[in-house]
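The values are calculated or read from the model by the stated rules, or taken from the named source; none is laboratory data. In this text, all values refer to a predicted model and were calculated from it rather than measured experimentally. Cβ sites come from the backbone with ideal geometry, for glycine too, and all protein chains shown count toward neighbours. Just the protein is used for accessible areas: all its heavy atoms, side chains included, with ligands, DNA and RNA removed. Shrake-Rupley method; radii C 1.70, N 1.55, O 1.52, S 1.80 Å.
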Amino acid sequence: MSQHANHDLFSSDGHIDNDFKQCRCRSQALPLCSVLGSSAMSYSLAAEVASFGVRVSVVTPGAFRTEFLGQDSIRRIAGQGVYRTVDDALARWAANDGRQMGDPTLAAAAIMQMVEADSPPLDLLLGQDALDRVERRTARMIADIQAWRSVSIGTAHR
């Protein structure tokens, strides 16, 4: 998690930007737990520091063409057939190196636009892939809420 503030954290125009890389495969369960936990912490933090004029934003980027997937950045250890999802993920990463749709220069400009905005979003999704993933997850969540609504509200004292 990278954090920065425009000015002093508790000044009237501070901004905390939490930048999280979305994990896209089942083999990244632990990093995903860390990302989601940090996101939840940011939502709570946003409510706690709002009265100080500090805004919090969670940045969720998709795949950007950086050297993250390069041979020098990722140590690839094959799952030796035991963890097929790990081997598949490593193969996908290697195949996508240098072909990601996201432009990191445009992402940096978008983040600066968010930081300088009078009313920045709590969540900023960067890239069509990030947007698609969150929209699918949100649609699934709404469907579950609707399907289980009676169970949810049926837990009240009577």
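Structure above, values below:
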{"item": "Answer residue from the stretch 100-109, given it is surrounded by 11 or more Cβ atoms within 10 Å (Cβ to Cβ) and out of contact with any strand residue (DSSP E or B) (no Cβ under 6 Å at 6 or more places or on another chain) and is farthest from R65 (Cα to Cα) among those", "result": "A109"}
{"item": "Single unsatisfied condition, R84 versus (1) open to solvent by 60 Å² or more (accessible area, probe 1.4 Å); (2) under 20 Å from the mean Cα position of the chain (by Cα)", "result": "(2)"}
{"item": "Every pair of residues 6+ apart whose Cβ atoms lie under 9 Å, when the first sits in the stretch 92-108 and is touching a residue at least 60 places away in the same chain (Cβ under 8 Å) while the second is open to solvent by less than 60 Å² (accessible area, probe 1.4 Å) and not in a helix (DSSP H, G or I)", "result": "R92/C25"}
{"item": "Residues of the stretch 39-96 classified as of a type in the set (A, V, I, L, M), at pLDDT 85 or above and over 25 Å from D132 (Cα atoms), total", "result": "5"}
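Condition check ((1) open to solvent by less than 50 Å² (accessible area, probe 1.4 Å); (2) within 30 Å of E67 (Cβ to Cβ); (3) more than 22 Å from the chain's Cα centre (by Cα)) across all residues:
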position	(1), (2), (3)
A95	no, yes, yes
G98	yes, yes, no
Q113	no, yes, no
L124	yes, yes, no
E135	no, yes, no
A139	no, no, no
S152	no, no, yes
